[in-house]
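J.: Okay, here's the structure, questions in a sec.
Just so it is clear, none of the values below were taken in a lab; they were calculated from the coordinates. All figures in this text were calculated on a predicted structure; none of them were measured in a lab. In this analysis, Cβ positions are derived from the backbone assuming ideal geometry, glycine residues included, and neighbour counts consider all displayed protein chains.
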Amino acid sequence: MAPSCTDGVNALAGSCVFCEIVEGRRKAAILHEDSEVLAFRDILPQAPTHILIVPKTHFRSASAVTDPAVWGKLMAVAGRLVSELGLEEEGYRLVVNNGPQAGQTIPHLHVHLLAGRAFRWPPG
Ligand code: AMP
Ligand code: ZN
């Protein structure tokens, strides 16, 4: 059985769907890559633009992040994509589902960047 990923350990140390994408073992439509962050299109898009922004290091959820710099790097990439894709004017939504009640299905920290349609508030 593949070893499970450990929070804060380089993706190469373990295995999960997003670690597999980070490691190049699973295909994804990648829009941004640097030494610490990867952004790729969601496989089941919930809006015309639906991108996932993930740290290359595995964290099981937002709660597992202790270094605020991780958030800075994810948000910097989000901002860059918003700018590159010209989403400022129409608007966009950034979402982090955390734990079962929030509907988190992949236990590897990710920020959803959604745009291209009107979103309701409060969220369902
Ligand atoms: P969450 O429900 O917040 O954990 O979000 C997980 C997201 O990952 C969902 O929107 C899925 O559609 C998406 N997803 C699952 N597997 C893949 C994959 N192999 N490539 C891209 N997106 C995926
Ligand atoms: Zn992972």
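J.: Taking the condition of being small (Gly, Ala, Ser) and farther than 15 Å from VAL111 by Cβ, how many residues in region 29-58 meet it? Full working, then the answer.
T.: So the first thing to find is which residues in region 29-58 are small (Gly, Ala, Ser), and the list is 29, 35, 39, 47.
Cutting the leftovers down to farther than 15 Å from VAL111 by Cβ gives us 29, 35.
So the answer is 2.
J.: Looking for something over 12 Å from HIS112 (Cα atoms), within 13 Å of ligand 2 (Cβ to nearest atom) and surrounded by fewer than 16 Cβ atoms within 10 Å (Cβ to Cβ) - is there at least one such residue anywhere in region 66-88?
T.: No: region 66-88 contains no residue that is over 12 Å from HIS112 (Cα atoms), within 13 Å of ligand 2 (Cβ to nearest atom) and surrounded by fewer than 16 Cβ atoms within 10 Å (Cβ to Cβ).
J.: Could I ask something else about it? Does ILE106 meet the test of being within 10 Å of ligand 1 (Cβ to nearest atom), assigned to a strand (DSSP E or B) and within 11 Å of the chain's Cα centre (by Cα)? Lay out the reasoning, then the answer.
T.: Working: within 10 Å of ligand 1 (Cβ to nearest atom): yes; assigned to a strand (DSSP E or B): no; within 11 Å of the chain's Cα centre (by Cα): yes.
When the stated conditions are applied, ILE106 does not pass them.
J.: Kindly evaluate VAL82 against the criterion of being among the β-branched types (Val, Ile, Thr), over 23 Å from CYS5 (Cα atoms) and more than 9 Å from ligand 1 (Cβ to nearest atom).
T.: Working: among the β-branched types (Val, Ile, Thr): yes; over 23 Å from CYS5 (Cα atoms): yes; more than 9 Å from ligand 1 (Cβ to nearest atom): yes.
The answer is yes for VAL82.
J.: Please work out if VAL54 is within 16 Å of ligand 2 (Cβ to nearest atom), surrounded by 14 or more Cβ atoms within 10 Å (Cβ to Cβ) and farther than 27 Å from ARG117 by Cβ. Full working, then the answer.
T.: On the way: within 16 Å of ligand 2 (Cβ to nearest atom): yes; surrounded by 14 or more Cβ atoms within 10 Å (Cβ to Cβ): yes; farther than 27 Å from ARG117 by Cβ: no.
Spelling it out, it is not the case that VAL54 is within 16 Å of ligand 2 (Cβ to nearest atom), surrounded by 14 or more Cβ atoms within 10 Å (Cβ to Cβ) and farther than 27 Å from ARG117 by Cβ.
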